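A short worksheet on the structure shown next.
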Amino acid sequence: MTITAGVREALLKEARGQAPLEACGLLGGLAGVAVTFYPCRNAAQSPVFFTIDPGEILSCLRTMERAGEELAGIFHSHPAAPARPSAADRLHAHYPHTPYLILSLAGGGTDLRGFDMSQDPPQEIPIADAP
């Protein structure tokens, strides 16, 4: 999957702004290129788990459709854990054929990784920067 520099910056800003809670949101784009970040509220209000209200997901999907975008990815942060899917992440991957992006802030880092959650175990997918 490919993301723009603006999306990468928005993910980092959201993750830092929501810490110590997990940040989350949806990515809109086309043909595997994420061009828009739609931040969402972590309904779980948890530092180790995230949920997005189904109504908020629907609202974001409608906004994407109006913008000519499709769901390109699902994002969340791990404020204190590595950028790897947790057991909860795997259990609640309701869109398994959509790339899941995890940004770890552990150790002050900014490790962003993508995963194909339809695989068991989830397989890492490369994240490239758009030109």
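With respect to GLY68, is the statement that it is small (Gly, Ala, Ser), in contact (Cβ under 8 Å) with a residue 12 or more places away in the chain and on the phi > 0 side of the Ramachandran plot true?
yes
Would you please list the contacts, defined by Cβ atoms under 6 Å and residues six or more apart or on different chains, that run from a residue in segment 35-56 that is within 17 Å of SER86 (Cβ to Cβ) to a residue that is hydrophobic (A, V, I, L, M, F, W, C) and surrounded by fewer than 18 Cβ atoms within 10 Å (Cβ to Cβ)?
PHE49/ALA88; PHE50/ALA44; THR51/ALA43; THR51/ALA44
How about segment 63-85: which of its residues are over 15 Å from PRO99 (Cβ atoms) and in a loop (DSSP other than H, G, I, E, B)?
ALA67, GLY68, PRO79, ALA80, ALA81, PRO82 - these are the residues of segment 63-85 that are over 15 Å from PRO99 (Cβ atoms) and in a loop (DSSP other than H, G, I, E, B).
For segment 109-124, name all the residues that are assigned to a loop (DSSP other than H, G, I, E, B) and either β-branched (Val, Ile, Thr) or more than 19 Å from PRO20 (Cβ to Cβ) (or both).
THR110, MET117, SER118, GLN119, ASP120, PRO121, PRO122, listed by residue number.
So which residues in segment 46-62 are closer than 22 Å to LEU112 by Cβ and not in a loop (DSSP other than H, G, I, E, B)?
Residues satisfying the conditions are ILE57, CYS60.
Only one of ALA15, ALA83 is in contact (Cβ under 8 Å) with a residue 24 or more places away in the chain, touching a Lys or Arg at 6+ places or on another chain (Cβ under 7 Å) and surrounded by 14 or more Cβ atoms within 10 Å (Cβ to Cβ); which? Walk me through it before giving the result.
Values: ALA15 fails: touching a Lys or Arg at 6+ places or on another chain (Cβ under 7 Å).
Testing whether each residue is in contact (Cβ under 8 Å) with a residue 24 or more places away in the chain, touching a Lys or Arg at 6+ places or on another chain (Cβ under 7 Å) and surrounded by 14 or more Cβ atoms within 10 Å (Cβ to Cβ) leaves just ALA83.
Could you tell me which residue of segment 32-45 is surrounded by the fewest Cβ atoms within 10 Å (Cβ to Cβ), considering only residues that are assigned to a loop (DSSP other than H, G, I, E, B) and either out of contact with any helix residue (DSSP H, G or I) (no Cβ under 9 Å at 6 or more places or on another chain) or modelled with pLDDT under 95 (or both)?
Within segment 32-45, the match that is surrounded by the fewest Cβ atoms within 10 Å (Cβ to Cβ) is GLN45.
Confirm whether PRO20 is at negative phi, touching a residue at least 12 places away in the same chain (Cβ under 8 Å), assigned to a loop (DSSP other than H, G, I, E, B) and exposed (fewer than 14 other Cβ atoms within 10 Å of the Cβ).
Yes: the conditions hold for PRO20.
If we scan segment 23-31, do we find a residue that is within 20 Å of ASP116 (Cβ to Cβ), of a type outside the set (Lys, Arg) and in a loop (DSSP other than H, G, I, E, B)? If you could, list the steps in order and put the result at the bottom.
So in segment 23-31, the residues within 20 Å of ASP116 (Cβ to Cβ) come out as 24-31.
Within this subset, residues satisfying the condition of being of a type outside the set (Lys, Arg) are 24-31.
Now drop any that are not in a loop (DSSP other than H, G, I, E, B), which leaves 31.
Within segment 23-31, one or more residues are within 20 Å of ASP116 (Cβ to Cβ), of a type outside the set (Lys, Arg) and in a loop (DSSP other than H, G, I, E, B).
Of the residues in segment 86-108, how many are within 14 Å of the chain's Cα centre (by Cα), without any contact (Cβ under 8 Å) to a residue 24 or more places away in the chain and outside any loop (DSSP other than H, G, I, E, B)?
0
Would you point out the residue of segment 101-129, among those that are within 15 Å of ALA5 (Cα to Cα) and among the acidic types (Asp, Glu), that is surrounded by the most Cβ atoms within 10 Å (Cβ to Cβ)?
ASP111
The values are calculated or read from the model by the stated rules, or taken from the named source; none is laboratory data. The model shown is predicted, which means the values in this text are computed figures rather than measured ones. As a convention, Cβ positions derive from the backbone with ideal geometry for all residues, glycine included, and neighbour counts pool all protein chains shown.
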